[in-house]
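**Q** Right, I'll just put the structure down here and ask away after.
The values are calculated or read from the model by the stated rules, or taken from the named source; none is laboratory data. Since the structure is predicted, the reported quantities are computational estimates derived from the model, not experimental observations. Cβ sites come from the backbone with ideal geometry, for glycine too, and all protein chains shown count toward neighbours.
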Amino acid sequence: MIEIKKVSKWFGDFQVLADVDEVVQRGQKVVICGPSGSGKSTLLRCINGLEPYQRGEILVDGVSLSDPKTNLYKLREKIGMVFQRFELYPHLTVMRNITLAPMKVRKQSRPAAEKKAMALLERVGIPDKAAAYPANLSGGQQQRVAIARALAMEPDCMMFDEPTSALDPEMIQEVLEVMIGLAKDGMTMLVVTHEMGFAREVADEIIFMDAGRIVERGSGDEFFKHPKSQRTKDFLGQILK
Amino acid sequence: MFDAVFTNLPYLLGGFLTNVQLAAFALAGGLFLGALVGLGRISKRPWVYHPVTVYVNFLRNIPLILVIFWVYFVMPIFTGRSMDPFISAAVSFVVFEATYFGEIFRAGFQTISRDLVSAAYSTGLTYRQTATYILVPIAFRRMLPSLITQSIITFQDTSLAYVIGLQEMVRRTTIVDSIEVRSIQLYSFVAILFFVICFIGSRISLHYEEKSRKAKVL
């Protein structure tokens, strides 16, 4: 459902993405790892049309993101996104955070949107927090609300940008469990993370990026057991220590 | 000792009502236009950013009284008919205050992280929806103390409309004074009235500042 063809992107003179090629099939789970500054987050932002790219092509369901005729807003409804620092709307309750887009974009009625939101809160395990404000939730709870907010638009694909790296260690598991649940339900997923346990459990493919390039890719086992490049070996050695 | 004030109280308070009405228009229009100006000031589109920036910098560097004169005397040349002082003053205030409110909103928008905006877009919200439901409400709440302070200044400035003959309280006080010749009590009364209103306003502003510091909600 996502095709990335030879995409390159520059911030001024600095090249953040260099000839990135990737195809994500429907239902596939792809984990992207690599050192910070390697272009992982930028790649996700490009896929959601949040950043332009200068060369190459990204197609979502066959529609090009760089075509000026493409309605990016419409396309973004298909892809949900979860961020490192949760990014819940601080002035709205958990319930309103989740129902805003369904009500404004999909024009759902409030009761319908709220019913759906409650079901999603059940799914992420915090139905009792509907009336709370984000500031009164723990990091793990906020991230689960963020996942529910993205799911409320019934996306075909979910992208996660280091969803657990801003969390205290004891909260990482609760978020990962929600993500594993999603994976088991067949969601197409693109996940930037350093949680290698998660990667091993759900990933159909693991991509290692460095300096804007895809250095290595492989299925879960193959990637961990037989990394090909020295750069990947060094990186894995670092984070699996 | 406030005899001249009491005999002319309805007349003076009628003038005060004009100040209040003018301030109400100025605030409603100034906040609305100010929010748009603030959005323009953070826009990445040059054809939005540059005109708005020129407008803001120009008006912030000329005295309000000049804007009032300009609208009152110059606008009729373009529109072909003379301006009602109240409408003319209201237009001046909206156009002028919007630049100050706009800069406050801009500061508020700049406290909002790029990823929060991305999160809104990623759920399919349009720019307009994101501005309406996310950017403006958050900036408004975060900047509330500054907005209240600027509102107080706006309220005080409404008395400047007397220069184009608007029958607001200061104007009416000069009229009463020219008949009664009781300058001290008359102008003291006006001062007290303005002081009370503005002092209450600044207390409210302080209250919100404390509240947001304690709550840390935003």
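**Q** Given the criteria away from chain A (no Cβ under 14 Å) and either at pLDDT below 95 or out of contact with any Pro (no Cβ under 7 Å at 6 or more places or on another chain) (or both), does B:T149 qualify? Steps first, answer last, please.
**A** Numbers: away from chain A (no Cβ under 14 Å): yes; either at pLDDT below 95 or out of contact with any Pro (no Cβ under 7 Å at 6 or more places or on another chain) (or both): yes.
Yes, satisfied.
**Q** Ok, one more. Considering only region A:65-81, how many residues are β-branched (V, I, T) and either exposed (fewer than 12 other Cβ atoms within 10 Å of the Cβ) or more than 13 Å from every other protein chain (Cβ to nearest Cβ) (or both)? Full working, then the answer.
**A** Applying the first criterion (β-branched (V, I, T)) to region A:65-81 yields A:70, A:79.
Checking which are either exposed (fewer than 12 other Cβ atoms within 10 Å of the Cβ) or more than 13 Å from every other protein chain (Cβ to nearest Cβ) (or both) leaves us with A:70.
Within region A:65-81, residues that are β-branched (V, I, T) and either exposed (fewer than 12 other Cβ atoms within 10 Å of the Cβ) or more than 13 Å from every other protein chain (Cβ to nearest Cβ) (or both) number 1.
**Q** Could you tell me which residue of region B:96-118 is farthest from A:V82 (Cα to Cα), considering only residues that are away from chain A (no Cβ under 14 Å) and among the β-branched types (V, I, T)?
**A** B:T99
**Q** Quick one: in region B:119-144, of everything that is outside any helix (DSSP H, G or I) and at the interface with chain A (Cβ under 9 Å from one of its Cβ atoms), which residue is surrounded by the most Cβ atoms within 10 Å (Cβ to Cβ)? Step through it out loud before you land on a result.
**A** First, the residues of region B:119-144 that are outside any helix (DSSP H, G or I): B:123-126, B:143.
Subsequent filtering for residues that are at the interface with chain A (Cβ under 9 Å from one of its Cβ atoms) retains B:123-126.
On the way: B:T123: 26, B:G124: 23, B:L125: 24, B:T126: 17.
That would be B:T123.
**Q** Sticking with this structure for a sec: Just to be sure, is A:L43 assigned to a helix (DSSP H, G or I) and more than 8 Å from chain B (Cβ to nearest Cβ)? Give the steps one after another, and end with the answer.
**A** Working: assigned to a helix (DSSP H, G or I): yes; more than 8 Å from chain B (Cβ to nearest Cβ): yes.
So A:L43 fits the description; yes.
**Q** With the structure loaded, tell me whether A:Q108 is among the polar types (S, T, N, Q) and either within 14 Å of chain B (Cβ to nearest Cβ) or not in a helix (DSSP H, G or I) (or both) or whether it fails that test.
**A** On the way: among the polar types (S, T, N, Q): yes; either within 14 Å of chain B (Cβ to nearest Cβ) or not in a helix (DSSP H, G or I) (or both): yes.
Yes.
**Q** Given (1) more than 12 Å from every other protein chain (Cβ to nearest Cβ); (2) touching a Cys at 6+ places or on another chain (Cβ under 8 Å); (3) in a loop (DSSP other than H, G, I, E, B), identify the lone condition not met by A:I58.
**A** Going through the list (1) more than 12 Å from every other protein chain (Cβ to nearest Cβ); (2) touching a Cys at 6+ places or on another chain (Cβ under 8 Å); (3) in a loop (DSSP other than H, G, I, E, B), A:I58 breaks only (3).
**Q** Need the failing condition index for A:K115 against (1) without any contact (Cβ under 8 Å) to a residue 24 or more places away in the chain; (2) crowded, with 17+ Cβ neighbours inside 10 Å; (3) over 23 Å from B:I112 (Cβ atoms); (4) of a type in the set (K, R), just the number.
**A** (2)
**Q** Of the conditions (1) surrounded by 20 or more Cβ atoms within 10 Å (Cβ to Cβ); (2) within 14 Å of another protein chain (Cβ to nearest Cβ), B:E168 satisfies every one except a single condition; which number is it?
**A** (2)
**Q** Within region A:128-176, can you find the residues that are part of a helix (DSSP H, G or I) and either within 15 Å of the chain's Cα centre (by Cα) or on the phi > 0 side of the Ramachandran plot (or both)? Don't jump to the end; show me each part of the working.
**A** As a first pass, look at region A:128-176 and keep what is part of a helix (DSSP H, G or I): A:128-129, A:134-136, A:139-151, A:169-176.
Those that are part of a helix (DSSP H, G or I) and either within 15 Å of the chain's Cα centre (by Cα) or on the phi > 0 side of the Ramachandran plot (or both): A:Q143, A:R144, A:V145, A:A146, A:I147, A:A148, A:R149, A:A150, A:L151, A:V175, A:L176.
**Q** Still on this model: Collect the residues in region B:35-94 that are over 17 Å from the mean Cα position of the chain (by Cα) and charged (D, E, K, R), keeping them in residue-number order.
**A** Passing the criteria: B:R41, B:K44, B:R45, B:R81, B:D84.
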